[in-house]
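The values are calculated or read from the model by the stated rules, or taken from the named source; none is laboratory data. These numbers were taken from a predicted model, which means no experiment stands behind them. Cβ atoms come from the backbone with ideal geometry, glycine included; neighbour counts cover every protein chain shown.
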2 protein chains.
Amino acid sequence: MLEFAILGLLLESPLHGYELRKRLTGVLGPFRAISYGSLYPALRDLQARGLIAETSPKPMPTVTTKRARIVYEVTPAGTERFTSFVANPGPEAWEDERFAAHLAFFASTPTEMRVRILEGRRARLQERMAMLRESFRHTSERLDPYATQLQEHGIDRVESEVRWLEELIAAERSH
Amino acid sequence: MLEFAILGLLLESPLHGYELRKRLTGVLGPFRAISYGSLYPALRDLQARGLIAETSPKPMPTVTTKRARIVYEVTPAGTERFTSFVANPGPEAWEDERFAAHLAFFASTPTEMRVRILEGRRARLQERMAMLRESFRHTSERLDPYATQLQEHGIDRVESEVRWLEELIAAERSH
DNA sequence: TTCGTCATGTAATGGGTTACATGATTAC
DNA sequence: GTAATCATGTAACCCATTACATGACGAA
């Protein structure tokens, strides 16, 4: 998850951790910002696996030394990993978080794959909606009005995401 | 989270783990069902803390022995814990999961508290929306259209939840 | 007799968080 | 000189999950 978001952002341009986190926050939405306690270990892990590397040569170690900031860039292996991520969405690609990660980097995803991901997500949601309605049928009679409201709202939310997906798919088809 | 859901359901009637899980699924929505790997440890934990207890006397150990199922009921301490949960929503009550847990047991929550929780949630969402819009202003220019779509959809979702909350608050005020 | 469901549980793992610790740089 | 922000990192914990293991019961 985090792994792909990092690779995707570093492919646009090499960055150091602190800046990277700000970009991540921009992409993922500010309320679910990644903490440094996740980010830095993730960076070291990616480096250990050879998917990213430190851009070594500090251009000018003259006056402004600052705190040594470690700028990472994506290695060829990392690039390959990222493209394979966008190219074959695994079975988890329809889950909420994965899907968001895919969508965030749709710009670097081929068109047919975009459609496939969007439709996969839609299918998943419709499945989910069926389950929601089914469980709603079973429980609504004996549930208090608040629990009922909560369930109805859940259904509404899924429906509205399906409509949104349909717009995206239509837009994609019309190039 | 799970803790309160368990207490809330057991207050309605004593249950064993397996059945409890089905009810939980009914309340929380079927797609985010609690796994046994979470439920059973949670039950033992609650028991260890004296908030629930096994309803000891098996009525008839005659023919139908079945697999020994362990039925739990809420102790007075557990009842107290639950009422204190519904009565003073902590600062986390406006978070997604907590809020859902509160709403699920609104029926056992006094009216003024209901309004307070709903309004707290609304305030939290409006804050969130301000952050989303703010971050959107900063990044939208240089973001690709897909990332933009994703962010706009995020804003839409929050807006629609605010409208929903407003309906609930209005309904609450008009008794 | 085998399959589905009821029923309880453990161990390993996942994917993060919070709190803490450090220190350098910038702006007032 | 002090506060805010930039910048990196560690350790402890949280709250769940998945995969596994066990076993009894009812129905086909």
Go through segment A:106-119 residue by residue and tally those that are surrounded by 13 or more Cβ atoms within 10 Å (Cβ to Cβ), within 12 Å of chain B (Cβ to nearest Cβ) and either among the small types (Gly, Ala, Ser) or touching a residue at least 40 places away in the same chain (Cβ under 8 Å) (or both). 4
Over 22 Å from A:VAL158 (Cβ atoms) and not β-branched (Val, Ile, Thr), is that true of B:SER135? yes
Quick one: how many residues across segment B:120-151 are among the charged types (D, E, K, R), more than 7 Å from every other protein chain (Cβ to nearest Cβ) and crowded, with 16+ Cβ neighbours inside 10 Å? 3
Among the residues of segment A:22-45, are any within 13 Å of DNA strand D (Cβ to nearest atom), closer than 27 Å to B:HIS153 by Cα and either of a type in the set (Lys, Arg) or not assigned by TED's automatic domain parsing to the domain that holds A:ALA77 (or both)? yes
Filter result (of a type in the set (Ser, Thr, Tyr) and farther than 12 Å from A:VAL71 by Cβ) within segment A:38-56: A:SER38, A:TYR40
Residue satisfying condition, being touching a residue at least 60 places away in the same chain (Cβ under 8 Å) and part of a helix (DSSP H, G or I), within set B:GLU172, B:GLU161, B:GLU152: B:GLU172
Filter the helices (runs of 4 or more DSSP H) completely within segment B:15-105 down to those with at least 2 residues that are within 12 Å of DNA strand C (Cβ to nearest atom) and either modelled with pLDDT under 95 or of a type in the set (Asp, Glu) (or both). B:17-28, B:36-48
Restricting to segment B:115-155, what's the tally of residues that are touching a His at 6+ places or on another chain (Cβ under 9 Å) and basic (Lys, Arg)? 1
